[in-house]
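These notes concern the structure reproduced below.
The values are calculated or read from the model by the stated rules, or taken from the named source; none is laboratory data. Please read these numbers as outputs of a predicted model, since none were measured by experiment. Note: ideal-geometry Cβ built from the backbone for every residue, glycine included; neighbour counts use all protein chains shown.
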Amino acid sequence: MEYIIETKNISKHYDDFVAVNRVNLKVPKNSVYGVLGPNGAGKTTLISMLCTILRPTQGLATVNGYDIVKNPKEVRKSIGIVFQSRSLDDILTGREHLEMHASLYGVPKGLRESRLEEILDLIALGKKADEYVKTYSGGMKRRLEIGRGLIHHPQVLFLDEPTLGLDPQTRESIWEYIQKLNQEEKVTVLMTTHYMEEADKLCDEVAIMNQGQIITADSPRNLKRELKADTITVKVDHPEKFQEKAQELDFIQEMFVVGGGDETEIKLMVERGENLIAEIVKFCNQNQIFVFSIELEHPNLEDVFLKYTGRTITEGG
């Protein structure tokens, strides 16, 4: 398999704080690769090193065959970047943004107009191309930023939390554009996200990152298959008592406590959870524990994160 991004023990230290700790990644060419983790996990720092914005404290990394420290100019020519924070000028039109970026990246004049039209068609902004960006919706602005990052035919597109702050409907439309550009532009996408559904839907492979380290990496399907368990989430009036008494239940593979106070939830990893709901309710009744709610979920990436870190991705932040 051909890898377009490879890292070997890449790290970033700030005095005594380790933001990224000996990370090893191999990103296949023409894939959509996700780095999944909570806020503060080190995802943005990792991308910033791969984009040559930050210099690693130690370790090695190559992007499109170029060393990020020895050949930063070649790396930058190979990549497009869409940052987490917005970076558009409201008094320019969409077309002017693309034209300026094409000029900065040295797209030949004879090719710029056709390339602009290709990108405007890809991000579905042709009808709005000559309107000021200040009139654009949040989703349109995000599509323009993605289009701007593609104008020079990069080999790799870095997307840092591409749908952060967008409503669910707009988020899904951005997902469609990411899949479309991966297929039509033949560009490798490396994206960071803390949205489980986003990683599951878009990514060919996912690396789970927590506290600066990659905990595990594989396809979403394989990661979920590893669990071989459903999750039953229980809210009760006496969570401590439930935890103590539940040690008697031999069908519980693992038990995690999430939240605190009135929001305490107990997550039970079990096989064939649909057959155990009634038994858990009966168990609670026998022990004078009142059940506020009980829910069954089949394996998802949230469960994978919980298994490897002992907490949910929200708690991880």
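Before moving on, here are some points about what is shown:
- The single condition among (1) of a type outside the set (S, T, N, Q); (2) more than 21 Å from VAL20 (Cβ to Cβ); (3) in a helix (DSSP H, G or I) that ILE91 does not satisfy is (3).
- Residues that are in contact (Cβ under 8 Å) with a residue 40 or more places away in the chain, farther than 20 Å from ARG311 by Cβ and not hydroxyl-bearing (Ser, Thr, Tyr), drawn from the stretch 166-197: ILE178, GLN179, LYS180, LEU181, ASN182, GLU184, GLU185, LYS186, VAL187, VAL189, LEU190, MET191
- All strands (runs of 3 or more DSSP E) inside the stretch 203-300 with 1 or more residues being in contact with a Phe, Trp or Tyr (Cβ under 6 Å, 6 or more places away or on another chain) and charged (D, E, K, R): 205-210, 230-236, 265-270
- Scanning the stretch 246-262 for residues that are among the acidic types (Asp, Glu) and either under 18 Å from ILE313 (Cα atoms) or under 26 Å from the mean Cα position of the chain (by Cα) (or both) turns up at least one hit.
- Against the numbered list (1) more than 19 Å from GLU176 (Cα to Cα); (2) touching a Gly at 6+ places or on another chain (Cβ under 6 Å); (3) modelled with pLDDT under 90, GLY149 comes up short only at (1).
- In the set ASP200, ASP204, only one residue is touching a Ser or Thr at 6+ places or on another chain (Cβ under 7 Å) and either in contact (Cβ under 8 Å) with a residue 24 or more places away in the chain or within 30 Å of ASN9 (Cα to Cα) (or both); that residue is ASP204.
Yes/no per residue for (1) within 22 Å of ILE151 (Cβ to Cβ); (2) loosely packed, with under 15 Cβ neighbours inside 10 Å:
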{"residue": "SER11", "(1), (2)": "no, no"}
{"residue": "ASP15", "(1), (2)": "no, yes"}
{"residue": "VAL18", "(1), (2)": "no, no"}
{"residue": "ARG22", "(1), (2)": "no, no"}
{"residue": "GLY42", "(1), (2)": "no, no"}
{"residue": "SER78", "(1), (2)": "yes, no"}
{"residue": "TYR105", "(1), (2)": "yes, no"}
{"residue": "PRO108", "(1), (2)": "yes, yes"}
{"residue": "LEU116", "(1), (2)": "yes, no"}
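- Candidates are the residues of the stretch 119-161 that are surrounded by fewer than 17 Cβ atoms within 10 Å (Cβ to Cβ) and among the charged types (D, E, K, R); the one that is nearest to the chain's Cα centre (by Cα) is ASP121.
- Residue list for the stretch 103-119, restricted to those being assigned to a helix (DSSP H, G or I) and farther than 20 Å from TRP175 by Cβ: SER103, LEU104, LYS109, GLY110, LEU111, ARG112, GLU113, SER114, ARG115, LEU116, GLU117, GLU118
- The lone criterion from (1) closer than 17 Å to PRO239 by Cβ; (2) assigned by TED's automatic domain parsing to the domain that holds GLN243; (3) out of contact with any helix residue (DSSP H, G or I) (no Cβ under 7 Å at 6 or more places or on another chain) left unmet by ARG311 is number (2).
- In the stretch 140-184, the residues that are over 12 Å from VAL32 (Cβ atoms) and part of a loop (DSSP other than H, G, I, E, B): ILE151, HIS152, HIS153, PRO154, GLN155, GLU161, THR163, LEU164, GLY165, LEU166, ASP167
- Just one of the numbered conditions (1) surrounded by fewer than 18 Cβ atoms within 10 Å (Cβ to Cβ); (2) touching a Ser or Thr at 6+ places or on another chain (Cβ under 9 Å); (3) in a helix (DSSP H, G or I) is not true of MET100: (2).
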